[in-house]
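The structure appears below as structure tokens.
The values are calculated or read from the model by the stated rules, or taken from the named source; none is laboratory data. Being a predicted model, the structure only gives us computed values, none of them experimental. So basically every Cβ, Gly included, is an ideal-geometry build from the backbone, and we count neighbours across all protein chains shown. Accessible surface areas use protein heavy atoms only, side chains included; no ligands, DNA or RNA. Shrake-Rupley method; radii C 1.70, N 1.55, O 1.52, S 1.80 Å.
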Amino acid sequence: MKAYEKNIRKVEPYVPGEQPQHKVIKLNTNENPYPPAPGVTKALEEMNTDRLRLYPDPTAAPLVEELAGFYQVNPDQVFVGVGSDDVLSMCFLTFFNSEKPILFPDITYSFYKVWADLYRIPYECQKLDENFRLIKEDYYKENGGVIFPNPNAPTGIYEELDVVEDIIAHNRDAIVIVDEAYVDFAGRSAIELIDKYDNLIVVQTFSKARSMAGMRIGYAISNPTLIRYLNDAKYSFNSYTMNQTSLVCGVEAVKDKEYFENGIRKIVETREWAKEELKKLGFHCLDSKSNFIFAMHPQYDAKEMFEALKKHDIYVRFWGSERIEQYMRITIGTREEMEALFVFFREYMKK
Ligand code: PMP
């Protein structure tokens, strides 16, 4: 071993879902099957590339202001970053600096563990119950911060706002981050609790309901004090996280509320129909309120099904990890894509 090895920060990185370069039915990374709002396409077509000579606005003001208007908060309550992964990572760095462990569920977004390891933050996972629901009392103990997604991933289970509020209210001495990557498909957002609790940060993304995973935009909504701390950390890291193109396109996406709401409606309809179809095929599905379904079949091995699907160019997500060995996560695609998935399952089950 080289002497310098001991000074290297070693981490076990997060493993993102595959992005195959050939044409597949892609139901593995919770992307939206529909295009972004027409205004985004128009903005890209009309983009003044001369503007790219210059650095973008480090405050990302146009996007911050558009989001503030959309959520009826002040611009100093909004922080934007390069996807919610960037925002969450910045939140871990900024807010989780205690000797006490941070708390998050045992089955959840697997990036939380990676950031905790990267920043040397102690953590303790809290077991979801046997129905994969959050046990709120587990988050009452002393801690260095709390984070959970709502709806949770990969289960898709949404906890009503009173459960979320209860956890925030029991942690007034710690920061609580609610990761709402999928909330647009689910129900009420914790953003409505921002004025009531000064320890709350809500993080959302353009990658799911706004169909812009490739653009990389995420944001946090909180009170001005916590947003200032986040910006201080960001400016100590990289002043220009948001590129010019994302800023322009992000604004256009937020402006088109009707397109946003219609898109959500289509996905929710397909999801509810897909749950029924899966059940008819004998799958056990969790009651997802997200843009994916977490499902298992009592008679067929998940890994084998996952691999057979892949051979047929249908990509879903499978982890094989503890407690979820037999589950696959299926992103909601178009109705046609889901039909193709069901045709595959029918054939598979005939054998
Ligand atoms: N939070 C959760 C729970 C997610 O599933 C994802 C998507 N992988 C993210 C955050 C990050 O999404 P993005 O960086 O595209 O905003």
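Computing FRET efficiency as 1/(1 + (r/R0)^6) for residue 100 and residue 12, where r is the C-beta to C-beta distance and R0 is 25 Å, gives about 0.60. Run the simple label-point estimate for residue 4 and residue 188 please: 7 Å along Cα→C-beta, distance reported in nm. Spacing of the two 7 Å Cα→Cβ label points: 5.5 nm.
Taking each residue as 0.36 nm, the span from residue 322 to residue 236 lengthens on full extension beyond its C-alpha to C-alpha distance by 27.2 nm. On a 19 Å Cα-Cα criterion, which of the cross-link pairs 23/257; 280/351; 6/100; 10/113 come out too long? Beyond 19 Å: 23/257; 6/100. Protection proxy ranking of 53-64, 15-26, by the mean of other Cβ atoms within 10 Å over each peptide's residues and highest first, is 53-64, 15-26. Using a probe radius of 1.4 angstrom, the carbon and sulfur fraction of the accessible surface of the chain is 50%. Straight Cα distances below 18 angstrom link residue 303 to the aspartates and glutamates 18, 313, 322, 325, 347, with same-chain residues fewer than 8 positions distant left out. A Stokes-Einstein calculation at 10 °C with viscosity 1.306 mPa s, built on the Kirkwood radius of the chain over Cα pairs, returns a diffusion coefficient of 75 µm²/s. Note on residue 163 and residue 19: their simple-model spin labels are 3.3 nm apart, each label 7 Å out from Cα toward Cβ.
Largest to smallest in accessible area, the residues 319, 273, 115 fall in the order 319, 273, 115 (1.4 Å probe, all protein chains included). Using a cutoff of 8 angstrom between alpha carbon atoms and counting only pairs six or more residues apart, the relative contact order for region 42-256 works out to 28 percent. Taking the helices alone, the chain has a mean residue ellipticity at 222 nm of -11000 deg cm²/dmol, built from -39,500 (n - 2.57) per DSSP H run of at least 4 residues and averaged over all its residues. Average accessible surface for the chain: 47 Å² per residue, computed with a 1.4 Å probe over protein heavy atoms with every protein chain in place.
Peptides 2-13, 250-261 ranked from most to least packed give 250-261, 2-13, packing being the mean of other C-beta atoms within 10 angstrom over each peptide's residues. Result for the chain in a Gaussian network model with C-alpha springs under 10 Å: among 152, 131, 223, the largest mean-square fluctuation is at 131.
Each label point was placed 7 Å from the Cα along the Cα-to-Cβ direction; for residue 137 and residue 225 their separation is 3.1 nm. Over region 254-318, Cα pairs under 8 Å with separation of 6+ residues give a relative contact order of 19 percent.
Relative protection proxy for 229-238, 326-335, from highest mean packing down: 326-335, 229-238 (other beta-carbon atoms within 10 angstrom).
Here the calculated FRET efficiency for residue 266 and residue 125, from their Cβ-Cβ distance with R0 = 41 Å, stands at 0.70, rounded to the nearest 0.05.
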